[in-house]
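Please treat every number below as a calculation from the coordinates, not as lab data. Just so it is clear, the model here is predicted, and its values are computed rather than measured. Reconstructed Cβ throughout: ideal geometry from the backbone, glycine too, with neighbour counts over all protein chains shown.
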Amino acid sequence: MNVTKAKLAAGEVAVGGWIMTADATVAELMAGEAFDWICVDMEHTAAGYAALEDICRAVKASGKEVFARLQGHDEVMAKKVLDIGCKGIIVPCVNTRAEAEHAVAMAKYPPAGIRGASLARCTDYGRDFTRYFTEHNDDVLVAVMLEHVDAVRNVDEILSVEGIDAMFIGPYDLSASMNLAGQLDHPEVRAAQEQLLAGCRRHGVAPGLHVVPTEPERVRSSVESGFRFVALGLDTRFIIDGCRRMLEGVPR
Ligand code: 3PY
Ligand code: MG
């Protein structure tokens, strides 16, 4: 069972940890904290399939879902990350209805979609094939990233696609597409996020946001404003923050 997907469907908040380091030990450590899910970023890192598999093994004992943020819209990549053991895909930069339909299709087996079937790790190498295949289409989480002004314009066309579980805002790309790169609190960026949030409400899709800056107050206000599929910071930022906090106290 995909606990994160069930939580989102029940209107609850599900909080994720974001892995940039592609490191299984880091993922294991983070899965031992109060995150609901772990995402491996394969878009903006060197993370490959072998590292993803190690991470899935490391997180398995916690029972938490591992999701992969894909590099793009490639159905071969979606198939491989799911075969390796991810319970969902986070698809970057979905700007049109056709791209949203493709995101859903590549996550699901026929007849609902186009995912290829095999005796991969996700099926316990075939020992659990029938159950996995039967339950997968309902169990897999599909999150589309709306992170461009074009997506804001097309929000209703995108979020009305059947099979989308969550919308996930990438604030850096969204701000960059508005010529306001990194100005996450600019009123126009905020207004675009509000439009995406409102779109989620109209279409019954769980609203999500990557709260990239490691600021607890920002996390709190994001959840209070309605975001429920929320990723907190980055593993790399946690290391930077921890180093700086400790180094600050050194008399030298
Ligand atoms: C962005 O801010 O653009 C992101 O993709 C964050 O994950
Ligand atoms: Mg992005």
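Points worth noting:
- Whichever lysines have a C-alpha closer than 16 Å to that of LYS5, once near sequence neighbours (fewer than 8 apart) are set aside: LYS64, LYS87, LYS108
- From most to least packed by mean Cβ count within 10 Å, the peptides 232-242, 162-172 give 162-172, 232-242.
- Based on alpha-carbon atoms, the Kirkwood radius and the radius of gyration of segment 95-216 give Rg/Rh equal to 1.08.
- Segment 23-145 - percent relative contact order, Cα under 8 Å, separation 6 or more: 22
- Computed label-point distance, nm, for sites ARG245 and MET1 using a 7 Å Cα→Cβ extension: 3.4
- In segment 205-252, Cα pairs under 8 Å separated by at least six residues give a relative contact order of 40 percent.
- R0 of 35 Å, Cβ-Cβ distance TYR125-ALA191: FRET efficiency to nearest 0.05: 0.10
- Value of relative contact order over segment 98-252, rounded to a whole percent, pairs C-alpha under 8 Å and six or more apart: 16
- Applying 0.36 nm per residue to the separation of ALA34 and ARG252 and subtracting their alpha-carbon distance, the gain on full extension is 74.9 nm.
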